[in-house]
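Student: Sharing a structure, written as structure tokens. Questions coming.
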Amino acid sequence: PMGDLYLEVPHAFPQAYNRELDLDGAIARVSYEFDGVGYVREVFASYPDQVIVIRFIADQPGKLSFSAFFTSPHRRAAMHSPGGNSLVIEGGVEGGEMRFQAQVTARSEEGIIEVRNEGIQVRDATMVELVLTAATNFSDYNDLSAIPASRNSNTLKAALQHQFPELLQRHQQDHRELYRNARLELGSTPDSSRPTDERLRLFSQNNDASFAALMFHYGRYLLIASSRPGSQPANLQGIWNESLQPPWESKWTLNINAEMTYWPAEVTNLAQCHEPFFDLIDDLTETGAVTARTHYGAGGWVSHHNTDQWRGSAPVDSAKGGIWVTSNGWLSHHLWEHYLFGGDKAFLRDRAY
């Protein structure tokens, strides 16, 4: 993880608290009342603009106040303000070469925004937007020459040319081009109108077939949100891992877990989301050729039960699970499935074969 953006809002014990995730619109909302004022917070992560956008709204003028600041679990991390209404955190991984930076910019047409090295302070506003982007020096598994600050500055400069409605429109158009490619309907019952947490709790007792349809769409939503061209593939923790020592090290477990993540890609019409997995396979043909030659004295390429961002292809972990040399066959099957569904002979000839 790079870190967290914390929001401190002076609203203890709010009333009428509600949170929701709009799968079709790809936007999360929180709404509540406090001291007679209604508040709404909306969040979305835009693939076309490569930013996270947060909008705060109060239904009465001048009633919105909050603070925002970064934290990071990395010791080599520090926060500062470069000027304007922006806040930056940057640093590096201890004992490693990975460097990172995140920038957030606040904007509002009224109220007071003050930014110091300790964070952003907003007072007496009615609507405020936070636009956040983050980057590392990672270019690929063999190249750490990128400059995070330059990446972020260019991304923010482009994104801040658009106001919230346009950023949201661009985000939702991009999302819906994928999300609306498939639909599953299994009918509805009175339970279908319950909140999702209640439906989950009662599912084993009631006939709520539409909840299974909701899970189908939620699974597609997660793949769209975590695996897009140019990104890393979705792994066991997705892109939301919060720990420096995550379970299974947030790797791609190739003796079925990683493949299972992508089983829905073609059959639910999300072939574009398959692309990062193909990129990983391409990289493994390179590192796996070295492993085949040096470890087994063989030609071709090999991968074992586990790989990571650095495309490790040698046996790892225990001998019982680590010396398993057939994951490349399972991986290659994904290329064939992509051809079966799309019929792209150029892909089959030039990339898969």
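The values are calculated or read from the model by the stated rules, or taken from the named source; none is laboratory data. Keep in mind the model is a prediction, meaning the values are calculated, not measured. Every residue, glycine as well, gets a Cβ built from its backbone with ideal geometry; the counts of neighbours run over all protein chains shown. We work out accessible area using only protein heavy atoms, side chains counted, and drop any ligands, DNA or RNA first. Shrake-Rupley method; radii C 1.70, N 1.55, O 1.52, S 1.80 Å.
Student: Kindly provide the set of residues from segment 2-20 that are touching a residue at least 40 places away in the same chain (Cβ under 8 Å), on the phi < 0 side of the Ramachandran plot and not aromatic (Phe, Trp, Tyr), ordered by number. Outline the logic, then answer.
Tutor: So in segment 2-20, the residues touching a residue at least 40 places away in the same chain (Cβ under 8 Å) come out as 2-10.
Of the ones still in play, those that are also on the phi < 0 side of the Ramachandran plot are 2, 4-10.
Across segment 2-20, the qualifying residues are 2, 4, 5, 7, 8, 9, 10.
Student: Same structure again: Does residue 41 satisfy the condition of being under 20 Å from residue 123 (Cβ atoms) and basic (Lys, Arg)?
Tutor: On the way: under 20 Å from residue 123 (Cβ atoms): yes; basic (Lys, Arg): yes.
Criteria met by residue 41.
Student: Among 107, 29, which is within 19 Å of the chain's Cα centre (by Cα), basic (Lys, Arg) and surrounded by 15 or more Cβ atoms within 10 Å (Cβ to Cβ)? Give the steps one after another, and end with the answer.
Tutor: Numbers: 107 fails: within 19 Å of the chain's Cα centre (by Cα).
Checking each option against the conditions leaves just 29.
Here's the yes/no breakdown for (1) farther than 15 Å from residue 151 by Cα; (2) open to solvent by 50 Å² or more (accessible area, probe 1.4 Å); (3) touching a Phe, Trp or Tyr at 6+ places or on another chain (Cβ under 8 Å):
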site	(1), (2), (3)
73	yes, yes, no
76	yes, yes, no
82	yes, yes, no
89	no, no, yes
96	yes, no, no
100	no, no, no
118	yes, yes, yes
137	no, no, yes
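Student: Are any residues in segment 208-228 over 16 Å from the mean Cα position of the chain (by Cα) and either touching a residue at least 60 places away in the same chain (Cβ under 8 Å) or assigned to a helix (DSSP H, G or I) (or both), and if so, which ones? Even if it seems obvious, please write down each step before you answer.
Tutor: So the first thing to find is which residues in segment 208-228 are over 16 Å from the mean Cα position of the chain (by Cα), and the list is 208-217.
If the condition is that a residue be over 16 Å from the mean Cα position of the chain (by Cα) and either touching a residue at least 60 places away in the same chain (Cβ under 8 Å) or assigned to a helix (DSSP H, G or I) (or both), then 209, 210, 211, 212, 213, 214, 215, 216, 217 are the ones that fit.
Student: Then there's this: For residue 260, only one of the following conditions fails: (1) open to solvent by 50 Å² or more (accessible area, probe 1.4 Å); (2) touching a Phe, Trp or Tyr at 6+ places or on another chain (Cβ under 6 Å). What is its number?
Tutor: All conditions pass for residue 260, except number (2).
Student: Now, a different point. Just to check your reading of the model, which residue among 267, 290 is hydrophobic (A, V, I, L, M, F, W, C), in contact with a helix residue (DSSP H, G or I) (Cβ under 9 Å, 6 or more places away or on another chain) and either at negative phi or surrounded by fewer than 18 Cβ atoms within 10 Å (Cβ to Cβ) (or both)?
Tutor: 267
Student: At least 2 residues that are touching a residue at least 40 places away in the same chain (Cβ under 8 Å) in each: list the strands (runs of 3 or more DSSP E) lying fully within segment 41-150 that qualify. Spell out the reasoning first.
Tutor: On the way: elements: 51-58, 64-71, 76-83, 86-92, 99-107, 112-116, 119-125, 127-136.
Answer list for segment 41-150: 51-58, 64-71, 76-83, 86-92, 99-107, 119-125, 127-136.
Student: Shifting gears a bit: Which of (1) closer than 30 Å to residue 266 by Cβ; (2) at pLDDT 95 or above does residue 146 not meet, given it meets every other one?
Tutor: Condition (1) is where residue 146 drops out.
This table checks each residue for (1) charged (D, E, K, R); (2) open to solvent by less than 80 Å² (accessible area, probe 1.4 Å).
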residue: 150; (1), (2): no, yes
residue: 155; (1), (2): no, yes
residue: 163; (1), (2): no, no
residue: 174; (1), (2): yes, yes
residue: 218; (1), (2): no, no
residue: 228; (1), (2): yes, yes
residue: 241; (1), (2): no, yes
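Here is a yes/no grid of residues against (1) farther than 25 Å from residue 138 by Cβ; (2) out of contact with any strand residue (DSSP E or B) (no Cβ under 8 Å at 6 or more places or on another chain); (3) of a type in the set (Lys, Arg):
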{"residue": "282", "(1), (2), (3)": "no, yes, no"}
{"residue": "301", "(1), (2), (3)": "no, yes, no"}
{"residue": "306", "(1), (2), (3)": "no, no, no"}
{"residue": "314", "(1), (2), (3)": "no, yes, no"}
{"residue": "329", "(1), (2), (3)": "yes, yes, no"}
{"residue": "349", "(1), (2), (3)": "yes, yes, yes"}
